[in-house]
Each structure stands twice: as structure tokens, then as C-alpha cells.
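Participant: Before I ask anything, let me first share the structure, which is written out below as C-alpha cells.
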Amino acid sequence: MSKISQTTLGDLIEFQRGYDLPKSEFKEGNVPVISSNGILGYHNEAKVKAPGITIGRSGTVGLPHYIKVDYFPHNTALFIKDFKGNFPKYIYYLIKTLRLNEFKSGSGVPTMNRNHLHPLKVNAYLDPKIQEKTTSVLSCLDSKIELNNRINAELEAMAKTLYDYWFVQFDFPFDFAQGKPNAKGKPYKTSGGKMVWSEELRREIPEGWEVRKLEDVENNIITGKTPSTENQSYFNGDIPFICIGDVRGNMHIVDTEIKLTEEGANTQKNKFIPKGSICVTCIATPGLVGFATKDSQTNQQLNSIICEKFENQYYLYFYLTDYFKYARAKTGNTFANMNKGDFSSILVVKPSKEVLINFSEKVKPLVEIILNNSLQNQQLASLRDWLLPMLMNGQVKVSEL
């Protein structure tokens, strides 16, 4: 059983359709409800014991998810009811190699059910001990990626806490004897620092701070554009082409799904944005913010700010993230699409230059560690995806690594 055998997916596992659960019937709890696209929300009842695997059956079809806790599989997903003694993580990686998301479009099947999956012929190790050993390397790589993601989340939360303390509570350090910001000074507002009323914002801000339009703080704002998709020679090059999905969940955009060739990018040279630009989604899913990590271009759903002043870069990242978050919370609706004119006219509280410089110097080490971890994750994911098919088809064995 240490050799690869041909079998069917249905001989290895048994799928079952998830359970109906309208959002209106969610009850407060910590059990994840897994839909076709991942965690849909949380509920108070688990239907399946961990570890588990789901794949999308409608909507986002064929995407596998590995779940480490007891969960509730939603009706838009299939879940594995019976592993038949096989090692669950091995089954997860095996399903990833099947590219089931492509199976849907290739066959014209509108949704996926277990009758499509169980007859699929697969090559697999049948011994659970060999299965566990085979997946150990892949699991180590995924564990390191998860650890880096947790570290990044903590570091960004630390930087955001400092931003809130200085620019939301207005307790940045201030030397009242000398009348200027000082890293060893006292908290400004709490210590009685003078506040003045802003008619534009309808709230108080520290004396000496200003309210400006975004374009008056940084005036180089680029709206992206997509080169003609009818010319295939414009695509599949090395130049990052940033779209909404590339920004989601990433402070640093280290990779993009789509890349342009030099020929394609040069058809719109004025759309290049340099490394360090702040990219903001303004259409479809407004309010996602991230830094470009290479010279790039974006599609028309993003506006990008090319900061000329270093002290504005990190401040504007957190300011704009908050702007869209609280605007959405205030209206209770998805934020409306925003054109370049509206985006450029966003009102920004502009602190003194000294405060911005002090803030930037404090958060810069955190932001740089987050970038390094993100780049490391990109390399680890590439290594995992390179090893995955070779380990699964027996071309490479763990003992050979």
C-alpha cells in the first residue's frame, strides 16, 4: 500500500450536501458556518465534528476548505460525511490537486453534487500512515503561513492602536512647556490640550490641525484602467496588475492574479504606480486599502495615491481604512461606488508635520516586519504549490526531501 493506486473519489470518501440555514435563523455562538466560499458566519450548533472538509457546490464551486473545529456545513457546500479511515489532511490536499473549480466550467455543470464527484478516478495512497507522512511537509508549510498571518494581524493591530490613541483620541505626546509635540511629552487631550471646533467635520480637533481634501494632502492620485482584453499579448507578463481580490485582507499586495506584459502596460504608461503607493478600491467593494510592493498598474476599480511625503503614507493608510469602515457603519449600507472626484474630495484631518513624522517612525518597523512576513508567505505558498502535485502523484516522496 506504499504505492500509488488508482481508485475513485467515492471509494475514499463520501460527500453529503450541507444543511439549510437562512441568515435570519443564525443564533449567537462560536460555531463557524461554512458556505461555498468559506466562513459565512457563526451559529450556536455544530453539525459535523472536526477535522472536516467542505467544497463549494454552488456559487464558488469546487473550492476546498479544511476546518479544524466542529462546524455547520451550509447548503451551498458539500461536506465529507465519511473519510472511510483515510487521513483527512491528505484528502484535503488530494482534492486541491483535482482543480474541481475548473471542473464546473469545463463541463457546463451549473452546480456540483456528489454524483459528479464520487465517480471521479484518482491516484492516491491507500495506507493512512503513508497519507499522513506524505502531507507532513505540506502541513508544515501551511502552519508557518498561518503563523505569519497571525503575527501580521497582531502587528497591524498594534500599529492601529497607536493610530487610534494619537489621531482618534488625540492623545499624541505633547510638551506643553515648549508648546510642541515631543515623544516624551504628555497625552495631548487628556492633559488639557486645546481643542477647536471643525465645521466641516462637525467635531473638535486639536488646535493647529487642519481639515483638507485628500487631493490637497497628496495630489498625485491615479485611477486605474484595464488594457484591451482582446489583445492577449498584453497579459501574462511580469508587471503586477492589481484588482480588488489582490487587496482584500492584505496590507501589502505582494502578488496579483493578473500580470501585464511590458507591451500591455506601455499602452497606458500614465497608469503606472510606484512601489509604496496606497491602493484603494472604490467600485464594487469600496474601502479595501493596501500598499503596492512593486511598480504596478491597477484596474479601473481602484484609485491609488502616490505619496510624495513619507510622513503621510502610513497615516493615510489607517485614515482611509477607518473612513470607509465608519462611513459604512453610519449608513448601515454597503458604501456607494466612488469616482475619482469624490475620492479626491474626501475630507482628511491633517495633523502637524511633527506628529506625523513621529507616528511614521514608530510604526515603520511594524509595517516592514508585516511586509517581510508577507513576502515569506508568498515563497512558502509557491513551494507548497510546487510540491503538492509531485507528492500526490508519488513523483516525490517525503523520504526523498
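Participant: Which members of region 168-201 meet the condition of being closer than 22 Å to Val348 by Cα, assigned to a loop (DSSP other than H, G, I, E, B) and open to solvent by 70 Å² or more (accessible area, probe 1.4 Å)?
Facilitator: Answer for region 168-201, where residues must be closer than 22 Å to Val348 by Cα, assigned to a loop (DSSP other than H, G, I, E, B) and open to solvent by 70 Å² or more (accessible area, probe 1.4 Å): Gln169, Lys189, Lys194, Glu199, Glu200.
Participant: Quick one: in region 219-233, of everything that is more than 26 Å from the chain's Cα centre (by Cα) and not small (Gly, Ala, Ser), which residue is nearest to Gly341 (Cα to Cα)?
Facilitator: Asn219
Participant: Taking region 257-294 as the search range and keeping residues that are assigned to a loop (DSSP other than H, G, I, E, B) and farther than 26 Å from Tyr319 by Cβ, which one is modelled with the lowest pLDDT?
Facilitator: So the residue we want is Glu257.
Participant: Still on this model: So the check is Cβ under 8 Å with 6+ separation or different chains; which pairs have a first residue in region 203-230 that's free of Cβ contacts under 8 Å to residues at least 40 places away in the same chain and a second one that's surrounded by 13 or more Cβ atoms within 10 Å (Cβ to Cβ)?
Facilitator: Correct list of pairs: Glu204/Met195; Glu204/Ser198; Glu207/Gly193; Glu207/Met195; Ser228/Tyr234; Ser228/Thr267; Thr229/Phe235.
Participant: Quick one: which helices (runs of 4 or more DSSP H) lie wholly within region 1-118 and hold at least 1 residues that are farther than 21 Å from Ser143 by Cα? Full working, then the answer.
Facilitator: Details: elements: 9-12, 88-97, 100-107, 114-117.
The helices (runs of 4 or more DSSP H) meeting that bar are 9-12, 100-107, 114-117.
Participant: Among the residues that make up region 44-53, is at least one of them at pLDDT 95 or above, closer than 21 Å to Gln131 by Cα and surrounded by fewer than 15 Cβ atoms within 10 Å (Cβ to Cβ)? Please lay out each step first, then the result.
Facilitator: Within region 44-53, the first condition is being at pLDDT 95 or above, and the residues that meet it are 44-53.
From what is left, the residues that are closer than 21 Å to Gln131 by Cα are 49-53.
Going one step further and asking which of them are surrounded by fewer than 15 Cβ atoms within 10 Å (Cβ to Cβ), we end up with 49-50.
Checked region 44-53: at least one residue is at pLDDT 95 or above, closer than 21 Å to Gln131 by Cα and surrounded by fewer than 15 Cβ atoms within 10 Å (Cβ to Cβ).
Participant: Within region 308-326, is there a residue that is free of Cβ contacts under 8 Å to residues at least 12 places away in the same chain, within 27 Å of Asn358 (Cα to Cα), hydroxyl-bearing (Ser, Thr, Tyr) and not in a loop (DSSP other than H, G, I, E, B)?
Facilitator: yes
Participant: Next up: What residue, of Glu146, Glu204, is farther than 22 Å from Gly276 by Cα and either aliphatic (A, V, I, L, M) or in a helix (DSSP H, G or I) (or both)? Outline the logic, then answer.
Facilitator: Numbers: Glu204 fails: either aliphatic (A, V, I, L, M) or in a helix (DSSP H, G or I) (or both).
One residue alone meets the criteria, Glu146.
The values are calculated or read from the model by the stated rules, or taken from the named source; none is laboratory data. Note that the coordinates shown come from a computational prediction; the quantities given were computed from them, not determined experimentally. Heads up, the Cβs are rebuilt from the backbone with ideal geometry, glycines too, and the neighbour counts pull from every protein chain shown. For the accessible areas, the whole protein counts, side chains as well, though only heavy atoms, and no ligand, DNA or RNA atoms are used. Shrake-Rupley method; radii C 1.70, N 1.55, O 1.52, S 1.80 Å.
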